[in-house]
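Read-outs throughout are calculated quantities, based only on the coordinates presented, and are distinct from any laboratory measurement. Values in this document were obtained by computation on a predicted structure and should not be read as measured data. A quick note on method: Cβ atoms are made from the backbone with ideal geometry, for glycine too, and the neighbour counts reach across all protein chains shown.
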Amino acid sequence: MKTESFVELRGISFSYAPGSDTISRFDLTLRKGETVGLLGPSGCGKSTLLRLIAGLAAPSEGRIAINGRTMVDEKRFVLPEKRGIGMVFQDYALFPHMTVEQNVLFGLHRLSSRARRIRLDDMLELVQLDAFRKRYPHELSGGQQQRAAFARALAPQPDMLLMDEPFSSLDADLKGEIRQQLKELLRKANMTSILVTHDSEDAQSICDRVVRMSASPTTDSVEQLEREGLSHKS
């Protein structure tokens with residue numbers, strides 16, 4: 001049975017300088033609720049792809065669609081704040097002067113006061129941080145900070161979640177525990193997501209599929225070594 005795609009990247013190309021293809025004719029499809037990993041060394045274009053999907057940069061050619069809406073093509077470019085995307089960065093990017101609950105509430109200003117409170121409580125329960133809602137980021141462990149960052153990203157109910165090396169600041173002992181918590185979090189939220197990482201264990205632990213990327217030593221072009229469907233986890 002064919003499953004309808006939820007996210008589509010078709011023929012995506014991007015160059016930092018004329019004549020140098022950083023990304024060339026890249027295709028990718030995600031189903032609703034699926035997590036796909038972009039795995040490869042630094043400089044191969046993984047984070048650039050996230051920026052293109054998020055609208056923080058524009059491809060030189062190609063089409064990106066999310067949940068049936070074209071975000072960018074030869075005639076259209078939807079602004080980042082209109083794309084319905086949540087992002088979690090390598091350093092978590094929590095506001096240091098705000099408590100956990102203030103960080104989570106930050107993106108919910110369009111909701112009523114009651115709706116914001118309900119959503120906040122739901123998110124803090126989901127990431128198991130209800131008891132830490134009044135704490136500031138510096139008062140949290142690395143794992144707690146990461147969970148707070150995920151709660152803030154998921155609170156506005158985005159159509160998809162982009163994660164750029166979210167485990168790189170964690171020590172090895174904590175990584176395994178946090179990866180399992182994240183996998184369960186994404187499942188409960190039925191969240192379509194992309195994980196960028198250089199660590200194959202991170203990708204295999206969380207992702208439904210993995211796309212391996214490598215940079216050519218002569219052209220710096222991105223090669224999609226494992227296209228969708230070739231690396232499904234059992």
Report the extension gain between Arg31 and Glu139 in nm, rounded to one decimal, defined as 0.36 nm multiplied by the number of residues separating them, less their alpha carbon distance.
35.1 nm
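Would you calculate, for the chain, the mean residue ellipticity at 222 nm contributed by helices, counting each DSSP H stretch of 4 or more residues as -39,500 (n - 2.57) and dividing by all residues, to the nearest 500? Can you show the working numbers first?
Values: 6 runs with 67 residues, N = 234.
Helix-only estimate at 222 nm: -8500 deg cm²/dmol.
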Fully extended, how many nm does the chain gain between Gln157 and Leu56 (0.36 nm per residue separation, minus their Cα-Cα distance)?
34.4 nm
Those trypsin sites (Lys or Arg not before Pro) in the stretch 108-175 that DSSP places in a loop and that have at most 13 other beta carbons within 10 Å
Arg110, Lys134
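As an exercise, use a Förster radius of 30 Å and the Cβ-Cβ distance of Tyr16 and Ser168 to find the FRET efficiency, rounded to the nearest 0.05.
Details: r = 23 Å, r/R0 = 0.76.
FRET efficiency, Tyr16 to Ser168: 0.85.
Give, to the nearest whole percent, the P(r) tail of the chain beyond 32 angstrom, counting all Cα pairs. Kindly include the intermediate steps, with their values, before the conclusion.
Values: 5381 of 27261 pairs.
Value for the chain: 20 percent of Cα pairs lie more than 32 Å apart.
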Return the subset of Lys32/Lys175; Lys82/Lys175; Lys75/Lys188 for which the Cα-Cα distance in this structure is over 31 Å, preserving the input order.
Lys82/Lys175; Lys75/Lys188
When the scattering of the stretch 131-183 is computed by the Debye formula from its Cα atoms alone, each counted once and equally, what is log10 I(q)/I(0) at q = 0.16, 0.22, 0.26 Å⁻¹?
-0.51, -0.93, -1.17
Taking springs between alpha-carbon atoms closer than 10 angstrom, which of Glu34, Glu101, Glu201 fluctuates most in the Gaussian network model of the chain?
Glu201
